[in-house]
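See structure below.
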Amino acid sequence: MKKLKRAYKMEINPTDEQKSKIHRTIGVSRFIYNFYIAHNKEVYEKEGKFVSGMDFSKWLNNEYIPNNQDKKWIKEVSSKATKQAIMNGEKAFKDFFKGTKGFPKFKKRKNQDVKAYFPKNNKTDWTIERHRVKIPTLGWIRLKEFGYIPVNSIVKSGTVSQKADRYYVSILVEETDIKISNTNNEGVGIDLGIKEFAVCSDGIKFKNINKTSTVKKVEKKLKREQRKLSRKYESLKIRNKNIKEGRATRQNIQK
């Protein structure tokens, strides 16, 4: 059977200890990425050449860290995680040289596009169960969303990211492509409705998730939060207006 690769992204619920490891790995990955960009820029301006990811990795581990004892914390995370950060930086430069993207930008702490790569070291790493996932160095972490990833799927790679106070895992899974043989030439009529999303002529029904209590509860909470945000925005506009008028008054007094 044909093998397919499919990507999934799910929210996870790590413990405080796991959060600490995630923060450390994300922080080191961000530092290494930015360091590679800055080092390459400096070398290019001085010597007019580009430093490959492999050469930078050798220099980092064999020269820079041994000669800078205050940077030993780089070694606290997986070497494969730092290598992936360097590879990401190298790809950013290659895209720039091809003309497909602009010059690589530094990743700031407030940005949400920094991910931590947790390499697969053996067969038991990156194991998927219905309600949890086993991530290298982190162990088992509960999934907030579960049930739609085939159990015992083969995970090829994975990353963990953070957005505000929420954590996500992105995995690339290898699945078997099941070919469905269609020997039935009969058609199926579909009636789209409001109460039921779709009703097929063969009796199969698909419920309208927008009518479920869970979605209604979330929509109600969203409206409540939007009203709170709107009130804060109006209050902020009045505050900024008063500050602006106050500055104008002071300027008039100084005149």
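The values are calculated or read from the model by the stated rules, or taken from the named source; none is laboratory data. Only a predicted model underlies this, so the values are computations on that prediction, with no experimental measurement involved. Every residue, glycine as well, gets a Cβ built from its backbone with ideal geometry; the counts of neighbours run over all protein chains shown.
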Could you tell me whether any residue of segment 112-130 is free of Cβ contacts under 8 Å to residues at least 60 places away in the same chain, under 23 Å from LYS41 (Cα atoms), surrounded by fewer than 16 Cβ atoms within 10 Å (Cβ to Cβ) and in contact with a helix residue (DSSP H, G or I) (Cβ under 7 Å, 6 or more places away or on another chain)? no
Considering only residues of segment 158-177 that are loosely packed, with under 14 Cβ neighbours inside 10 Å and not polar (S, T, N, Q), which is farthest from ALA81 (Cα to Cα)? ASP177
Answer yes or no as to whether GLY147 is at pLDDT below 80 and touching a His at 6+ places or on another chain (Cβ under 9 Å). yes
Could you tell me whether any residue of segment 26-42 is in a loop (DSSP other than H, G, I, E, B) and surrounded by fewer than 20 Cβ atoms within 10 Å (Cβ to Cβ)? no
Restricting attention to segment 62-95, and to residues there that are among the polar types (S, T, N, Q) and touching a residue at least 24 places away in the same chain (Cβ under 8 Å), which single residue is surrounded by the most Cβ atoms within 10 Å (Cβ to Cβ)? THR82
